[in-house]
Amino acid sequence: MRRDFSIYSFATVLALFFCMPAHDPVLADDDLPDDVVSLQESYAREVERVLIPIQEKYLEALDRLRDSYTRAGKLDEALKIEEEIKLAQEWRSLPLDQLRGGMMEELDRKEFEEWLKTKEFRFRGVSSVTLRFGEDRVDWDTGNKTQQYEYKVKGSRDVVIFGSQEFKLEFEKDLSSGVFLSNIGKYDLTIADAKK
């Protein structure tokens, strides 16, 4: 069973792919040089060439599964598969988070240092703290007072802050989560895009 994918459908997937919250382009399309626009168009054609056949196979497999569950009388499961089919038809079930996570695992130390400067990190210990990293100092904001401390990246995913003691931040390899460690305790970090 071949599905008809229109250019509109593909435009939708590209919009989802390029405009998800994790993708924050520095320049608007109007500001991009013509060479970049041309390169993006070429990239979009290649993504379309590869992605649409994969999407078709996925939808066909979902159709078969839904029919199989329906014949077996497993109607709840069949309805859930029908929901997934609708999401896939709207290009909303792409594994973008998984792809992004894989990309983050590949960051080297210098790229990790640059990533730190694009985020802010919050944790709640004795008080609520927000950390914002600059070139060689980190802003330690407790809401009513901001202090600056030196910091150093250690290894590929750890940071040491030289404050009243040595504090440490440890991140998962894919940078999806991390913890703040002090001599008092260990606190989960909330990671958000830095405010501009």
*Any idea how many residues of the stretch 135-148 are more than 21 Å from K110 (Cβ to Cβ), in contact with a Phe, Trp or Tyr (Cβ under 7 Å, 6 or more places away or on another chain) and crowded, with 16+ Cβ neighbours inside 10 Å?*
1
*Go through the stretch 118-135 and count every residue that is modelled with pLDDT of 90 or more, more than 16 Å from the chain's Cα centre (by Cα) and either under 14 Å from D158 (Cα atoms) or not hydrophobic (A, V, I, L, M, F, W, C) (or both).*
8
*Within the stretch 158-196, count every residue that is under 21 Å from the mean Cα position of the chain (by Cα) and in contact (Cβ under 8 Å) with a residue 60 or more places away in the chain.*
12
*asked:* Suppose we keep only residues that are in contact (Cβ under 8 Å) with a residue 24 or more places away in the chain and in a loop (DSSP other than H, G, I, E, B) within the stretch 123-142. Which one would you say is nearest to A194 (Cα to Cα)?
replied: G125
*Just a yes or no: is a residue in the stretch 26-41 under 22 Å from the mean Cα position of the chain (by Cα) and modelled with pLDDT of 85 or more?*
yes
*asked:* Checking S164 against (1) surrounded by 12 or more Cβ atoms within 10 Å (Cβ to Cβ); (2) at pLDDT below 95: exactly one of these is not met. Which one?
replied: (1)
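The values are calculated or read from the model by the stated rules, or taken from the named source; none is laboratory data. Just so you know, these numbers come straight off a predicted model, no measurement behind them. Neighbour counts run over all protein chains shown; Cβ positions are idealised from the backbone, glycine included.
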